[in-house]
Amino acid sequence: MADLGVHLRILGSRVRSQLAYPVSFGLDALGQAIAQANELAVILVVFAQVESLGGFTRDEVLLIYGFAGISFGLADLAVGQLDELPRWIRTGELDVLLARPLGLLPQLMTSDLQLRRLGRAAVGAVVLVVVLVQGEVEPTPLNALLILGTPLIGATITSAIWVVTCSVSFWVIEGREIANAFTYGSQLTTSYPITVFGPWLRGLLCFAVPSAFVAYFPALALLDRPDPLGLPHALRYASPLVAVAAVLAAALVWRTAVRHYQGAGS
């Protein structure tokens, strides 16, 4: 509990420092929102030419995009700082963190919290609200629970993927590009139905890197439509269990990677 208090105070100081300059913060958040909206523009342009994509209508794809956008934005806010892990290792700054009586991962997560990353989540939230207002989803208690829980569960799965892939930096000097292929690459793959991808990539997204559980399967449950691929019905409600498994796997990989680390020699 004492460690939690320390991290909360650090986070509080980060938030206050960024909100001290509201105009700068607003412009930074707007820039993040515009970057996120680029993928939205691509989807709208595609649907200007076709009626469906992978068997899904425009609003159904936008529902998936909304969930994926919120999940990625929240995950980026929570663990996006791990992108700097190769630099921390190369410069020896990681050794300083390891000498402190605090957990390494929480220290890295609170090292450079960037509130502007909420701009990415905001775009997804706006799209999700627009789709829901259009009546694509039947208003039931179960659907309400899915709508509220899916972004948080999706952010947890995405964060776990982020931690696992960034752990590669403990073995590979410049592992950032490898990690980015899965972290920022997952933003693209989670924003579309997995039916648009080839068989081997669908298998990768469903069972190796569980990106399909971020938005695709929960969207199927909300839309109450069968899976075009004929996958088991239970998968559409399996995201919470997948999130727990992903967190446990990420914790195991992270602990193994930190134990492997022998210092930068500084």
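The values are calculated or read from the model by the stated rules, or taken from the named source; none is laboratory data. The model shown is predicted, which means the values in this text are computed figures rather than measured ones. Note that we place each Cβ from the backbone using ideal geometry, even for glycine, and neighbour counts take in every protein chain shown. Note: areas computed on protein heavy atoms with side chains; ligands, DNA, RNA excluded. Shrake-Rupley method; radii C 1.70, N 1.55, O 1.52, S 1.80 Å.
Let's see how each residue does on (1) without any contact (Cβ under 8 Å) to a residue 24 or more places away in the chain; (2) at positive phi; (3) of a type in the set (K, R); (4) touching a helix residue (DSSP H, G or I) at 6+ places or on another chain (Cβ under 6 Å):
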{"position": "A75", "(1), (2), (3), (4)": "no, no, no, yes"}
{"position": "P86", "(1), (2), (3), (4)": "no, no, no, yes"}
{"position": "L97", "(1), (2), (3), (4)": "yes, no, no, yes"}
{"position": "G103", "(1), (2), (3), (4)": "no, no, no, no"}
{"position": "T110", "(1), (2), (3), (4)": "no, no, no, yes"}
{"position": "V123", "(1), (2), (3), (4)": "no, no, no, yes"}
Please indicate, with yes or no, whether at least one residue in the range 197-211 is closer than 16 Å to G69 by Cα and open to solvent by less than 10 Å² (accessible area, probe 1.4 Å). yes
F47 versus (1) surrounded by 16 or more Cβ atoms within 10 Å (Cβ to Cβ); (2) under 28 Å from D28 (Cα atoms); (3) at pLDDT 90 or above: which is the lone unmet condition? (2)
Quick check on my filter: what residues within the range 98-108 are open to solvent by less than 60 Å² (accessible area, probe 1.4 Å) and either more than 25 Å from the chain's Cα centre (by Cα) or not polar (S, T, N, Q) (or both)? L102, G103, L104, L105, P106, L108
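One line per residue, one yes/no per condition, for (1) farther than 19 Å from A155 by Cβ; (2) modelled with pLDDT under 90; (3) open to solvent by less than 20 Å² (accessible area, probe 1.4 Å); (4) touching a helix residue (DSSP H, G or I) at 6+ places or on another chain (Cβ under 6 Å):
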| site | (1), (2), (3), (4) |
| --- | --- |
| A2 | yes, yes, no, no |
| V15 | no, yes, no, no |
| S24 | yes, yes, no, no |
| T57 | yes, no, no, no |
| L63 | no, no, yes, yes |
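Within the range 121-138, identify whether any single residue is open to solvent by 60 Å² or more (accessible area, probe 1.4 Å), within 18 Å of the chain's Cα centre (by Cα) and modelled with pLDDT of 80 or more, and answer yes or no.
Residues of the range 121-138 that are open to solvent by 60 Å² or more (accessible area, probe 1.4 Å), as a first pass: 126, 129-130, 133-134, 136, 138.
Those still in the list that are within 18 Å of the chain's Cα centre (by Cα) too: 126.
Next, from what is left, pick out any that are modelled with pLDDT of 80 or more: 126.
Taking every residue of the range 121-138 in turn, at least one turns out to be open to solvent by 60 Å² or more (accessible area, probe 1.4 Å), within 18 Å of the chain's Cα centre (by Cα) and modelled with pLDDT of 80 or more.
Of the residues D95, D76, only one is part of a helix (DSSP H, G or I) and under 13 Å from the mean Cα position of the chain (by Cα); which? Walk me through how you get there before you give the answer.
Working: D95 fails: under 13 Å from the mean Cα position of the chain (by Cα).
Going through D95, D76 in turn, the sole match is D76.
If I filter the range 39-50 for residues that are within 30 Å of R14 (Cα to Cα) and assigned to a helix (DSSP H, G or I), do I get at least one hit? Can you show your working first?
The first filter runs over the range 39-50 and keeps only residues within 30 Å of R14 (Cα to Cα), leaving 39.
Then drop every residue that is not assigned to a helix (DSSP H, G or I), which leaves 39.
Yes, there is a match, as at least one residue in the range 39-50 is within 30 Å of R14 (Cα to Cα) and assigned to a helix (DSSP H, G or I).
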Hey, does the range 184-196 have a residue that's surrounded by 14 or more Cβ atoms within 10 Å (Cβ to Cβ), over 14 Å from the mean Cα position of the chain (by Cα), closer than 26 Å to W254 by Cβ and of a type outside the set (S, T, N, Q)? no
